[in-house]
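Report on the structure given below.
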Amino acid sequence: MSVRRLAPKEVQPESFAFTSENLAFAGQQIRKYPPGRQASAVIAILWRAQEQQGWVCEAAIRVVADMLGMAYIRVLEVATFYTMFQLAPVGRKAHVQVCGTTPCRLRGADDLIKTCQKRIHHHPSELSPDGDFSWEEVECLGACVNAPMVQIGKDTNEDLTTESFGRVLDGFASGSPPRPGPQNGRQFSAPVTGPTTLKETS
């Protein structure tokens, strides 16, 4: 695993505060656990902080640590261990995670990466010139039967080609993201040609 560090101080905000809605969410997560075990809510609350800001800054880590009665280093350990947490600013409209594991590679992930390099930035984890997009290559995202695929936020876009991936990016750019899931018309991971078994009606 690569070394993961917080973004440089010059891009770190001075403070972080949850919205009232997200503060209520954090309270709900904490109440799920018995007294003295509130640290178990750290991943859920860090994730909500990331959803609010787009990435996890040092100030957010300190706020979460104080909220849960944890040492700052313990929350930092969580944030730097799990690659789902972004430790530097990402695209305002979309941060694209391209699956680069073998099934996706065999089905065209290289073409998706080339599209990212052309349309967003040549290097991963760098912002596009307008700051709207960023991308990175990640390990298996768990939709191998729908390879190749990307994850943007909490949703996946699957069964991609260069053309359909371009339309996905266009949708996020215009503020009208496509419906998540397969982009070739099939239902979930069902055969693209339709059912092959159990076709008889009872």
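The values are calculated or read from the model by the stated rules, or taken from the named source; none is laboratory data. Predicted model, so just to flag it, every value in this text is computed and none were measured. In this analysis, Cβ positions are derived from the backbone assuming ideal geometry, glycine residues included, and neighbour counts consider all displayed protein chains.
With respect to TRP55, determine if the residue is under 18 Å from the mean Cα position of the chain (by Cα), among the aromatic types (Phe, Trp, Tyr) and assigned to a helix (DSSP H, G or I).
In short, no.
Any idea which residue in segment 80-104 is nearest to the chain's Cα centre (by Cα), counting only those that are surrounded by fewer than 16 Cβ atoms within 10 Å (Cβ to Cβ) and over 21 Å from GLU10 (Cβ atoms)?
MET84
Can you pull out every residue in segment 143-178 that is within 17 Å of the chain's Cα centre (by Cα), closer than 22 Å to ARG48 by Cα and surrounded by fewer than 18 Cβ atoms within 10 Å (Cβ to Cβ)?
GLY153, LYS154, ASP155
If you scan segment 10-23, which residues turn out to be without any contact (Cβ under 8 Å) to a residue 24 or more places away in the chain and either in contact with a Pro (Cβ under 7 Å, 6 or more places away or on another chain) or loosely packed, with under 11 Cβ neighbours inside 10 Å (or both)?
Matches in segment 10-23: GLU10, SER20, GLU21.
Can you tell me which of (1) surrounded by 11 or more Cβ atoms within 10 Å (Cβ to Cβ); (2) modelled with pLDDT of 95 or more; (3) out of contact with any helix residue (DSSP H, G or I) (no Cβ under 6 Å at 6 or more places or on another chain) is the one ALA60 doesn't meet?
(3)
Taking GLU163 as the residue in question, decide whether it is modelled with pLDDT of 95 or more, assigned by TED's automatic domain parsing to the domain that holds ALA49, among the charged types (D, E, K, R) and in a helix (DSSP H, G or I).
Spelling it out, it is not the case that GLU163 is modelled with pLDDT of 95 or more, assigned by TED's automatic domain parsing to the domain that holds ALA49, among the charged types (D, E, K, R) and in a helix (DSSP H, G or I).
Condition check: closer than 26 Å to GLY142 by Cβ and not aliphatic (A, V, I, L, M). Does LYS93 satisfy that?
It is true that LYS93 is closer than 26 Å to GLY142 by Cβ and not aliphatic (A, V, I, L, M).
Do we have any residue at all in segment 144-158 that's β-branched (Val, Ile, Thr), more than 28 Å from ILE43 (Cα to Cα), modelled with pLDDT of 95 or more and not assigned by TED's automatic domain parsing to the domain that holds ALA59?
no
Inspect all residues belonging to segment 126-147 and state whether any of them is in contact (Cβ under 8 Å) with a residue 40 or more places away in the chain, touching a helix residue (DSSP H, G or I) at 6+ places or on another chain (Cβ under 7 Å), acidic (Asp, Glu) and part of a helix (DSSP H, G or I).
No, the conditions are met nowhere in segment 126-147.
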